[in-house]
Amino acid sequence: MRNRILLLICGLLMCIAAQAQVETDFASNYLKLYATNTSLYCQTVSPAMINRMLSMKTLSKDRQAQQALQCIKSVRIVSNRNAGETSGLFDKAKSLLQQNSDRFAHFNDYDGKTIYVRRKGDTIVEAVLLTKTQGRLYIVDVTGNMTEAVIKSLINS
């Protein structure tokens, strides 16, 4: 009986761990929903590139930027090439964020940009910046283990 309970608990823990690894970021979900038949594209800054940036000599002088980069796991930038699609794609992104209010909370608006964050406890695990600039949509999706101070330092950079 005891072995069965332990086996059941181990199985449940493995299912929970597997589900946590499957969780996708906003950029992935947005592209899955809206990239077909649009000019949307995505550029990713990987953890390896972030590590290279951390080793740059010029960055070692900027302590605030270095601390912010250490908290970031990856950055994905979604944009579009066709200016005629921008307003519709922007509205869809904002709507998707608002529809997922149980997952994403509004964080800040500034200079025509909107930031939403996803938290695990007190830690911000994803920040999504949404803006329209020069006729194009930009979604900057940052994942990692961040604090509000890190997000604010990224805004003020």
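I'd like the accessible area for residue 90: 1.4 Å probe, protein heavy atoms, all chains in place, Å² to the nearest 10.
30
What FRET efficiency comes out for residue 102 versus residue 73 if R0 is 30 angstrom and r is the Cβ-Cβ distance? Round to the nearest 0.05.
The calculated FRET efficiency here is 0.85.
Before anything else, pin down the relative contact order of the range 87-157: Cα pairs under 8 Å, at least 6 apart, normalised by residue count, whole percent.
The normalised contact order for the range 87-157 reaches 22 percent.
How much length would be gained if the chain were fully extended between residue 28 and residue 82, taking 0.36 nm per residue of separation minus their Cα-Cα distance, in nm to one decimal?
The span from residue 28 to residue 82 would gain 17.5 nm if fully extended.
Of 92/120; 94/132; 92/132; 32/113, which sit over 21 Å apart, Cα to Cα?
Over 21 Å apart, Cα to Cα: 92/120; 32/113.
With every protein chain left in place and a probe of 1.4 Å, what is the accessible surface of residue 148, to the nearest 10 Å²?
80
The values are calculated or read from the model by the stated rules, or taken from the named source; none is laboratory data. Because the structure is predicted, anything quoted here is derived from the model rather than measured. All Cβ positions, glycine included, derive from the backbone under ideal geometry; neighbour counts span all protein chains shown. Surface areas here come from the heavy atoms of the whole protein model, side chains and all, with no ligands, DNA or RNA. Shrake-Rupley method; radii C 1.70, N 1.55, O 1.52, S 1.80 Å.
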